[in-house]
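Here's the structure, in structure tokens; my notes come after.
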Amino acid sequence: MKNNNSDFLHLGNKLLHWYSQNARDLPFRKTRDPYKIWICEIVFQQTRISQGLNHYNNFVDRFPDVKTLAEASEDEVLLYWKGLGYYSRAINIHKAAKQIMSDYTGVFPSEYDEILKLKGVGKYTAAAISSICFNGKMPAVDGNFYRVLSRVFADDFDISSSRAFAYFSELSQLIIPDNVGDFNQAMMDLGSEICKPRNPVCLECPLNKDCLAFSLNKTHEFPVKTKKVKAENLDLHYFFVHRNGKFLIQQRKDDFIWKKLFEFPASIPEALKPFNKGSKILHHKLTHKNLTIEVNDIEVSSEEMWNDFTSKNEYLITDFESSLMRSFPKPLENYIQNRLKK
DNA sequence: AAATCGGGGAG
DNA sequence: CTCCCAGATTT
């Protein structure tokens, strides 16, 4: 009579064996430094390894430890996050570094409950760090867990439900082995390399004999996700005000998209319109996905008028070379390069 | 419980 | 074009 949870424990051990021979060779796999693992976990939230690998390497190279990161400026941390997206991660990672310096004397906390208190660290990340670095026993339940578990058990629980994390945390207990750190990483690699969202490579999967969805030929039906992600359109207007290679920028707030990144002025004072008789004005429009950006490209003709602009304290003055040292939204980054590189 | 936050790449 | 990715935070 099979009526207890121990029936599935061999799955976790099969996974560990597969992982011992198929683990991806990644830079953060060579360390148990909680700082490095932390950075890695934040960088790769909602981000593919191939997309974030350079950012991870550059980040830990410039900020090799908590103290270095805590003592850096927020703008420089954002610079190293340039192009990665979800910029609150960079702001939180910087706050958390200061938090570790002040609340934990600069020593990375080792307990799950303490790690969870760090800014930008949620249940997944706290579990990942504690299990990989401190032999913690919490499953690091992420999208890979949702996908692998829902397929293995042909479970149609809606992963877009707010209860999905608790549900699949519970479900993972059926197969979780003693070595939770390796198990968590094994689930990540399996989900990434084998049990992929589309076209999973089931013939190479160590769990294919145990996978209900595979035996039913229904892997494509799992996981179930009902909620659709709606992409609202966003229209932005900018003034690219420039003269002799210099141009105006300002820093965004932290309450909307592109938190604290730099951008062109979204408006200019009425007093400075119209710039003056001779200024050349171009209108550029760029679209990308749900984003529409219109740029009033104004070459200020007189030194006098330029001085009127630059005397406004609300603007920063920069040029192409200096702009490389700021983090701009990707579309504006591209615009600057196309506009001034020549 | 639901909305929001980026950008790149696969299909 | 749509969907997804080593999720967390805010409301």
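The values are calculated or read from the model by the stated rules, or taken from the named source; none is laboratory data. Quantities reported herein were computed from a predicted structural model and do not represent experimental measurements. Please note: Cβ atoms are built from the backbone with ideal geometry, for glycine as well, and neighbour counts cover all protein chains shown. These area figures cover heavy atoms from the full protein model, side chains too; ligands, DNA and RNA do not enter into them. Shrake-Rupley method; radii C 1.70, N 1.55, O 1.52, S 1.80 Å.
For chain A, a Gaussian network of Cα nodes joined below 10 Å ranks A:Phe256, A:Phe145, A:Phe168 by mean-square fluctuation, and the top entry is A:Phe256. A probe of 1.4 angstrom, applied to the heavy atoms of all protein chains, finds A:Val77 with accessible area near 0 square angstrom. When the helices of chain A are scored as -39500 (n - 2.57) per DSSP H run of n ≥ 4 and the total is divided over every residue, the value at 222 nm lands at -11500 deg cm²/dmol. On the beta carbon distance between A:Leu174 and A:Glu294, with R0 = 56 Å, the FRET formula returns roughly 0.55.
Over the range A:153-251, the ratio between the Cα radius of gyration and 2.2 N^0.38 Å evaluates to 1.75. Between A:Ala166, A:Ala140, A:Ala97, the residue with the greatest mean-square fluctuation in the GNM of chain A (Cα pairs under 10 Å linked by springs) is A:Ala166.
Taking other residues whose beta carbon is less than 14 angstrom from the beta carbon of A:Leu261, and scoring Lys, Arg as +1 and Asp, Glu as -1, yields +1. Amide H to amide H distances under 5 Å link A:Ala154 with A:Leu212, A:Ala213, where only residues 5 or more positions off or on other chains count and H is placed in the peptide plane. Each label was represented as a point 7 Å from its Cα along the Cα-to-Cβ direction; for A:Glu221 and A:Glu111 these points are 4.6 nm apart. Simple rule: put +1 on each Lys or Arg Cβ and -1 on each Asp or Glu Cβ in chain A, find the dipole, and look at A:Ala164, A:Tyr56, A:His283; the Cα lying farthest toward the positive end is A:His283.
Using a basic spin-label model with each label point 7 Å from the Cα along Cα→Cβ, how many nm lie between A:Ser279 and A:Ser160? Roughly 4.6 nm, to one decimal.
For the range A:265-342, the list of GluC sites (Glu not before Pro) that fall in a loop by DSSP and count at most 13 other C-beta atoms within 10 angstrom reads A:Glu314. First check a/c for chain A, with a ≥ b ≥ c the square roots of the eigenvalues of its C-alpha gyration tensor; if it is under 1.5, answer rounded, and if not, answer prolate when a/b is larger than b/c or oblate otherwise. Prolate shape, in that a/c is at least 1.5 and a/b is the bigger ratio. For chain A, the share of accessible area belonging to carbon and sulfur comes to 48 percent (1.4 Å probe, ligands and nucleic acids excluded).
Ordering A:Ser110, A:Thr47, A:Pro139 by Cα displacement along the dipole of the range A:8-221 toward the positive end leaves A:Thr47 in first place; charges were set at the Cβ atoms of Lys, Arg (+1) and Asp, Glu (-1).
For chain A, the relative contact order is 16 percent, taking Cα pairs closer than 8 Å that sit 6 or more residues apart in sequence and dividing their mean separation by the residue count. With a Förster radius of 51 Å applied to the C-beta separation of A:Gln250 and A:Lys209, the computed FRET efficiency comes to 0.30. Label A:Asn54 and A:Tyr104 with points 7 Å out from Cα along Cα→Cβ: what is the distance between them in nm? Output for this residue pair reads 3.1 nm. Restricting the GluC sites (Glu not before Pro) of the range A:81-188 to loop positions (DSSP other than H, G, I, E, B) with no more than 13 neighbouring Cβ atoms within 10 Å leaves A:Glu111. Gaussian network model of chain A, Cα springs within a sub-10 Å range: biggest mean-square fluctuation belongs to which of A:Asn54, A:Asn92, A:Asn233? Of the options given, A:Asn233 has the highest mean-square fluctuation.
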